[in-house]
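K.L.:
This is the structure, below, for whatever I ask next.
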Amino acid sequence: MDDELNALRRTRMRWNTPLSEPHAELLLDRMALDGGHLVDLGCGWGELLLRALARAPGLRGTGVDTDETGLARGRAAAASRGLAVEFRQADAAGWDVPAERAFCVGSAHVFGSTKAALERLARVVPSGRLLYGDGFWAAPPGPAAREIFGPDLLTLPDLLDAADGAGWRVLHLSTADQLEWDDFESTSRAGWAEWLTAHPADPRAPGVREWLDRRLREYVREYRGVLGFTYLVLGR
Ligand SMILES: C[S@@+](CC[C@H](N)C(=O)[O-])C[C@H]1O[C@@H](n2cnc3c(N)ncnc32)[C@H](O)[C@@H]1O
């Protein structure tokens, strides 16, 4: 897809994770953000990072991602809200600047696996708190779901064991509910779905329609209620 459609794709999403506004506020409360350095690894456009900075003026923030489209959106949002934050285009897997607080939400794959992410993040936060968001199998997956999400996804008990093994203590645990999931999936499709409605005869329309139909079909048939997503506030 071209730059115009790429830029449009996620415009209806508040953030790139199944998360309601009240749930986000709860997680930020549990992170006890009262100063120091907060790094968001795999930040996307860093909306949660910006919310954290808005509520904790003493906090210094850095967002790290490889996707320049997301980073540019984050920089524009920060400027419009008068928030000082650094958005860095870099590979989060190699990030080794210690911080008192970190976010890693939907980005464990950057480190290779859940276990590798939790171990690496323990080096980034030698003492402090981590907001860790990751997928897990909420119900036994069928072959198609396993094919889409790969062989490494854990169950929630196994994910908690991995956190424990990496030296983290669970301070908070919650999971995305069905409305958060449905809203996430719907908003992830909405940018292109609205474009398609307005441009049915565009030469790019068949490709966009195929992507939208496949994504909705996979969600409803293969992983709705099967793929879970947990938010852990971890301390060490
Ligand atoms: C599911 S999104 C989560 C974004 C964000 N944490 C949020 O909640 O909105 C995963 C992010 O990981 C980023 N990513 C992928 N590989 C990366 C890498 N090697 N280093 C940094 N970010 C990476 C993608 O560009 C994407 O923005």
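K.L.:
Show that you can apply the helix-only estimate: for the chain, add -39,500 (n - 2.57) for every DSSP H stretch of four or more residues, divide by all residues, and state [θ] at 222 nm to the nearest 500.
P.N.:
-13000 deg cm²/dmol
K.L.:
Tell me whether the chain comes out rounded, prolate or oblate; compute the Cα gyration tensor, take square roots of the eigenvalues as a ≥ b ≥ c, and use a/c under 1.5 as the rounded threshold.
P.N.:
Verdict is oblate for the chain.
K.L.:
Moving on. Which residues' amide hydrogens lie under 5 Å from the amide hydrogen of residue 60, considering only partners 5 or more residues apart or on another chain, with H built in the peptide plane?
P.N.:
Result for residue 60 returns 36, 37, 38.
K.L.:
Continuing with this model, one more query. If amide H atoms are built 1.01 Å from N in the plane of the peptide, which residues on other chains or at least 5 residues away come under 5 Å of the amide H of residue 155?
P.N.:
137
K.L.:
Could you work out the relative contact order of the chain? I mean the mean sequence separation of Cα pairs under 8 Å and 6+ apart, divided by the number of residues, in percent. Mind showing how you got there, number by number?
P.N.:
On the way: 394 pairs, mean separation 58.3, N = 236.
Dividing the mean separation by the residue count of the chain yields 25 percent.
K.L.:
Could I ask something else about it? Please find, in a Gaussian network model of the chain (springs between Cα atoms separated by less than 10 Å), the residue of 174, 188, 80 whose mean-square fluctuation is greatest.
P.N.:
Result: 80 has the largest fluctuation of those listed.
K.L.:
Another question, then. Could you calculate the contour length gain from residue 214 to residue 164, that is, 0.36 nm times the residue separation minus the distance between their Cα atoms, to one decimal place in nm?
P.N.:
Working: separation 50, 0.36 × 50 = 18.00 nm, distance 3.73 nm.
So the extension gain works out to 14.3 nm.
K.L.:
Roughly how many nanometres apart are two label points built 7 Å out from the Cα toward the Cβ at residue 139 and residue 171?
P.N.:
Using points 7 Å along Cα→Cβ, the separation is 3.4 nm.
K.L.:
In addition: Rounded to the nearest 5, what % of the DSSP beta bridges within the chain are antiparallel ones? Don't skip to the answer; put the middle values down first.
P.N.:
On the way: 15 of 34 bridges.
Looking only at bridges with both residues in the chain, the antiparallel portion is about 45 percent.
K.L.:
Would you look at the GNM of the chain, springs on alpha carbons closer than 10 Å, and say which of 177, 134, 65 moves the most?
P.N.:
Highest fluctuation of the listed residues: 177.
K.L.:
Using a 1.4 Å probe on the protein heavy atoms only, what accessible surface does residue 1 show? Give it in Å² to the nearest 10.
P.N.:
Counting only protein heavy atoms, the figure is 110 Å².
K.L.:
What accessible surface, in Å², does a 1.4 Å probe find on residue 173, ignoring ligands, DNA and RNA and rounding to the nearest 10?
P.N.:
About 80 Å², ignoring ligands and nucleic acids.
K.L.:
Given labels modelled 7 Å from the Cα in the Cβ direction, how far is it in nm from residue 156 to residue 26?
P.N.:
1.2 nm
K.L.:
Mind checking the dipole of segment 159-198: about its Cα centre, +1 per Lys or Arg Cβ, -1 per Asp or Glu Cβ, Debye to the nearest 20? Walk me through the intermediate numbers first.
P.N.:
Details: 2 positive and 8 negative charges, 32 e Å.
The dipole of segment 159-198 has a size of about 160 debye.
The values are calculated or read from the model by the stated rules, or taken from the named source; none is laboratory data. Keep in mind that what you see is a predicted model, and the values were worked out from it rather than measured. Cβ: placed from backbone, ideal geometry, glycine included. Neighbour counts: every protein chain shown. Remember, those area values only see protein heavy atoms, side chains included, never the ligands or the DNA or RNA. Shrake-Rupley method; radii C 1.70, N 1.55, O 1.52, S 1.80 Å.
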